[in-house]
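Working notes for the structure below.
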Protein chains: 2
Amino acid sequence: MLELRELPDAHILKKFADRYPDADIDQILQFLTFLHVATDLSNGLDRYLASHDLLQGRWWVLILLMREDDHCASPSKLAEKAGVSRATMTGLIDSLQRDKLVSRSTSNKDRRQTLVRLTRAGQKKLDDVMPDYYRRLNQLMSALSKQEGDMLMSILSKLRQQSAVFD
Amino acid sequence: MLELRELPDAHILKKFADRYPDADIDQILQFLTFLHVATDLSNGLDRYLASHDLLQGRWWVLILLMREDDHCASPSKLAEKAGVSRATMTGLIDSLQRDKLVSRSTSNKDRRQTLVRLTRAGQKKLDDVMPDYYRRLNQLMSALSKQEGDMLMSILSKLRQQSAVFD
DNA sequence: TGCAAATAGTTAGGCAGCTAACTATAATGC
DNA sequence: GCATTATAGTTAGCTGCCTAACTATTTGCA
């Protein structure tokens, strides 16, 4: 996602609104600011994870595995839950396996299927990363009151319902 | 940014909260939902732009050039305003120049400097893309009342002030 | 004035995402 | 019961992002 460092000022917005009459300045600012802040936070999270040799993709795979009672899942399930293609998941698992944070084995029931398992080192990596992550998240979200947090969830829900507008 | 397709349910959140006492379930849900919706919208925008042979990076360069009164800017200024590295901007300009949407020329005053100019075809591309973009944006943001829009901006501003929490 | 430092842009190489095409295995149905 | 179809995973090749290193040019100061 793009890190728009310079949101338009009133002069520029007017220039665009003159050429494109459908432009609504308040809506544009709300949308761009929304993407801007989300990108900032996402990049910040990546910087934090990078200090532990992770990025969101690899980190998310570890978390998805820890969610499972037996700490196991197939690559396709992981791809689906993480929202990436199976090809991308292959690469993520390759790199996690290189770092010995997960292991691969072939299923006996269905020999097409691979089982990915969180290793002891993978669990330790999460135990290193998560407490500090939650403390930082707490600091971040404490900027909002209980009421603002509820309001945010309500607004996000309304925006999500419109997510097909670009299709 | 990751498209987390499966947000945690109450059972999973409890499992994590048990192992990591600093986890605050409401805060985690707010944060993940925020990133999730933003990613959805960003991907949607990219899909729309892709139907016009653009993506956010290339599109943003055209917009930044149109903002300028002479439709010109240097690669470093563009990189700074778009929030990408100068190396990335070189690639974006290369690809826009291949499509004849921008042109390059060397500055006379400072022969280190390149001037990137929006071509007539580049302006036409924006005239193709922007009206429909603004109409879709209008549909998206009309899901929020005036009051909700103001609230969103206030919430985003508070979150942005915390954006260093991950450093 | 001439050399060191700063600046503008590009190139090289890496990573993480994608789609499309491929291999191996399993399921289905005539 | 064998051929077709579907499914799981990987590979190949593309894109756009990054940092670090490089070239060319300008600036600044001793």
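The alpha carbons of the protein assembly as shown occupy a box of 64, 43, 36 Å along the principal axes, longest dimension given first. In the protein assembly as shown, helices alone account for a calculated mean residue ellipticity at 222 nm of -21000 deg cm²/dmol, with every DSSP H run of four or more residues adding -39,500 (n - 2.57). By the count of other C-beta atoms within 10 Å, a proxy for reagent exposure, B:Arg47, A:Arg58 are ordered fewest to most as B:Arg47, A:Arg58.
Assuming a ≥ b ≥ c are the square roots of the Cα gyration tensor eigenvalues, decide whether the stretch A:111-167 counts as rounded (a/c under 1.5), prolate (otherwise, with a/b larger than b/c) or oblate. Because a/c hits 1.5 or more and a/b fails to exceed b/c, the stretch A:111-167 counts as oblate. Residues whose amide H lies under 5 Å from that of B:Leu115, counting only those 5 or more places away or on a different chain, are B:Ser105, B:Thr106, B:Ser107; hydrogens are built 1.01 Å from N in the peptide plane. Volume per residue of the convex hull around the Cα atoms, evaluated for the stretch A:1-93, comes out as 136 Å³. Separation of the alpha carbons by more than 20 angstrom is noted, of A:Lys81/A:Lys146; A:Lys158/B:Lys146; A:Lys125/B:Lys15; A:Lys146/B:Lys158; A:Lys100/A:Lys124, for A:Lys81/A:Lys146.
Can you give the Kirkwood hydrodynamic radius for the stretch A:1-51, in Å, rounded to one decimal and based on Cα pairs? Every distinct Cα pair counted, the radius reaches 12.3 Å.
DSSP loop (so not H, G, I, E, B), at most 13 other Cβ within 10 Å: list which trypsin sites (Lys or Arg not before Pro) in the stretch B:60-167 pass both filters. Passing sites in the stretch B:60-167 are B:Lys100, B:Lys109, B:Arg111, B:Arg112.
Residue by residue along A:143-152, Cβ atoms of other protein chains within 10 Å of the local Cβ number 5 on average. Residues in the stretch A:9-19 carry Karplus couplings, in order, of 8, 4, 4, 5, 4, 5, 4, 6, 5, 5, 6 Hz; the curve used is 6.51 cos²θ - 1.76 cosθ + 1.60 with θ = phi - 60°, and Gly or Pro positions show x.
Normalising by residue count, chain B has a Cα convex hull of 173 Å³ per residue.
The length gained on full extension between A:Glu3 and A:Asn108, counted as 0.36 nm times the residue separation minus their Cα-Cα distance, comes to 33.2 nm.
Magnitude of the charge dipole for the protein assembly as shown, about its Cα centre and with charges confined to Cβ atoms of Lys, Arg (+1) and Asp, Glu (-1), is about 1100 debye. Sort the stretch B:53-109 into rounded, prolate or oblate with this rule: let a ≥ b ≥ c be the square roots of the eigenvalues of the Cα gyration tensor; rounded if a/c is under 1.5, and if a/c is not under 1.5, prolate when a/b is larger than b/c, oblate otherwise. Rounded, because the longest to shortest axis ratio a/c is under 1.5.
Read the figures in this text as sums done on the coordinates, not as results from a lab. Keep in mind the model is a prediction, meaning the values are calculated, not measured. Note that each Cβ is placed from the backbone with ideal geometry, even for glycine, and that neighbours are counted across all protein chains shown.
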